[in-house]
Amino acid sequence: MDLNYIEHIGIAVKNLEEAKKYYEEVLGLKCYSIEEVEDQKVRTAFFKVGQTKIELLESTSPEGPIGKFIEKKGEGIHHIAFSVNEISKQLASAEEKGIQLIDKAPRKGAEGLDIAFLHPKSTHGVLTELCENQRHCHPKISSK
Ligand code: ZN
């Protein structure tokens, strides 16, 4: 596989407003976007540290993946996301090496990125996300 950098770290929180205060008032970061991703049953808040983002995830339903995660493990780091080019190719490469994929094909995540997850069973316990930002990766195409 070929990774560019850590795109973001996803952190599961019980209460987005409460957690946001820590990131803003203690760490001094600025939340630049709050977004609800309905099919994932989450509300997200984004912060930037250099080129890496922190993505806080609050469940909008106990049945959602974040709701279940918090019930099992409590608040904490939920996943790590790597920026990649040609996400389909990277997925194929992971699968070829015996990694269990959660997403066989990329889908749309927050911020309109193409994303796909690798199963934590195959990654030593870390839910791993790949994401491709078309705007960054293909500047010539997006300049229209
Ligand atoms: Zn993510």
What does the charge dipole of the chain about its Cα centre add up to, to the nearest 20 debye, if the Cβ of each Lys and Arg holds +1 and the Cβ of each Asp and Glu holds -1?
-> 200
For the chain: accessible area per residue (Å², 1.4 Å) | 59
Excluding same-chain residues fewer than 8 positions from Lys97, which lysines have a Cα within less than 26 Å of its Cα?
-> Lys89, Lys108, Lys121
Farthest toward the dipole's positive end in the chain, which of Pro120, Val42, Gly67, given Cβ charges of +1 (Lys, Arg) and -1 (Asp, Glu) about the Cα centre?
-> Pro120
Would you mind computing, in nm to one decimal, how far apart the modelled labels at Lys73 and Lys104 are, each placed 7 Å from Cα along Cα→Cβ?
-> 2.6
Portion, in percent, of the accessible area of the chain that falls on carbon or sulfur, probe 1.4 Å | 52
Isotropic mean projected area of the C-alpha convex hull, the chain (nm²) = 9.2
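The values are calculated or read from the model by the stated rules, or taken from the named source; none is laboratory data. These figures come from a predicted structure and were not determined experimentally. Heads up, the Cβs are rebuilt from the backbone with ideal geometry, glycines too, and the neighbour counts pull from every protein chain shown. Surface areas here come from the heavy atoms of the whole protein model, side chains and all, with no ligands, DNA or RNA. Shrake-Rupley method; radii C 1.70, N 1.55, O 1.52, S 1.80 Å.
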